[in-house]
Amino acid sequence: MIDTPTRRIILGAGVFAAGSLLMTDGSVAQGPLAPTPACHDGDELTLPQTEGPYFKPSSPERTELFEEGMAGQPIELVGFVLSRACKPLAGALLDFWQADDKGGYDNSGFRLRGHQFTDAEGRYRLRSVVPGLYPGRTRHIHVKVQPRDGRVLTTQLYFPGEAKNRSDSLYRKDLQIRTAKNAGWLAGRFDFVVG
Ligand SMILES: [Fe+2]
């Protein structure tokens with residue numbers, strides 16, 4: 001895919017000691033992360049959400065948003081982009097953007113912004129840090145997902161066990177990442193269902 005094996009090994013040797021491996025049957029090696037929510041044939045599409053004020057087009061193509069020395073809890077988020085019939089979609093575009101550990105967005109550059117495409121099995125993988133809180137919002141990651149020749153889904157992903165989930169009117173449980181703690185980093189899983 002996009003990141004070179006060399007870069008992956010260097011990062012893997014640091015923060016992400018092993019990394020999780022999303023199997024094509026939907027299971028995740030090294031972490032019991034079931035899909036959230038599980039896709040059933042004819043299922044609802046992933047909920048759209050507001051884009052918010054901080055989207056910037058033309059982000060760099062990369063799966064690694066984590067940078068050496070970056071503050072915050074490292075997270076590896078993996079999952080599928082699926083059709084409504086739960087078929088994995090290869091070559092789907094995902095464009096992620098998020099706040100840093102202090103709750104700030106980079107509006108002059110592209111720190112913690114990046115796009116990527118699902119692999120031949122419909123999988124994506126994002127390495128980043130858990131975003132910080134900023135006034136009025138619970139913890140969240142923004143994303144746009146677009147299947148080949150399909151419409152753009154704009155939405156946001158949320159974290160379990162956050163006190164502020166209850167007071168953020170945008171929060172939806174259906175958009176919550178499933179997480180598992182690893183040695184020094186957090187494994188996350190979310191599957192998108194797009195039309
Ligand atoms: Fe935001």
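For this structure, a couple of remarks:
- Within the range 57-107, tally of residues that are touching a residue at least 12 places away in the same chain (Cβ under 8 Å), within 16 Å of the ligand (Cβ to nearest atom) and more than 18 Å from Gly188 (Cβ to Cβ): 6
- Residues in the range 111-142 that are touching a Phe, Trp or Tyr at 6+ places or on another chain (Cβ under 7 Å), part of a strand (DSSP E or B), closer than 15 Å to Glu64 by Cα and not charged (D, E, K, R): 6 in all.
- Note on the range 108-133: residues that are without any contact (Cβ under 8 Å) to a residue 40 or more places away in the chain and over 23 Å from Pro53 (Cβ atoms) total 2.
- Subset tally (residues that are among the β-branched types (Val, Ile, Thr) and part of a loop (DSSP other than H, G, I, E, B)) for the range 159-195: 1
One line per residue, one yes/no per condition, for (1) away from the ligand (no atom under 16 Å from the Cβ); (2) under 18 Å from Gly79 (Cα atoms); (3) touching a Ser or Thr at 6+ places or on another chain (Cβ under 8 Å):
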| site | (1), (2), (3) |
| --- | --- |
| Ile141 | no, yes, yes |
| Val145 | yes, yes, yes |
| Arg148 | yes, yes, no |
| Arg151 | yes, no, no |
| Glu162 | no, no, yes |
| Asn165 | no, no, yes |
| Asp168 | no, no, yes |
| Lys173 | yes, yes, no |
| Ile177 | no, yes, yes |
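- Residue list for the range 166-192, restricted to those being more than 27 Å from Glu68 (Cα to Cα), more than 13 Å from the chain's Cα centre (by Cα) and surrounded by 18 or more Cβ atoms within 10 Å (Cβ to Cβ): Tyr171
- Some residue of the range 30-46 being at pLDDT 95 or above, under 17 Å from the mean Cα position of the chain (by Cα) and either away from the ligand (no atom under 16 Å from the Cβ) or not polar (S, T, N, Q) (or both): yes
- Any hit, the range 121-134, residues being more than 22 Å from Arg84 (Cβ to Cβ), surrounded by fewer than 18 Cβ atoms within 10 Å (Cβ to Cβ) and of a type outside the set (Phe, Trp, Tyr): yes
The values are calculated or read from the model by the stated rules, or taken from the named source; none is laboratory data. The shown structure was predicted, so the numbers you read here are calculated from the model rather than taken from an experiment. Every residue, glycine among them, receives a Cβ derived from its backbone with ideal geometry; neighbour counts consider all protein chains shown.
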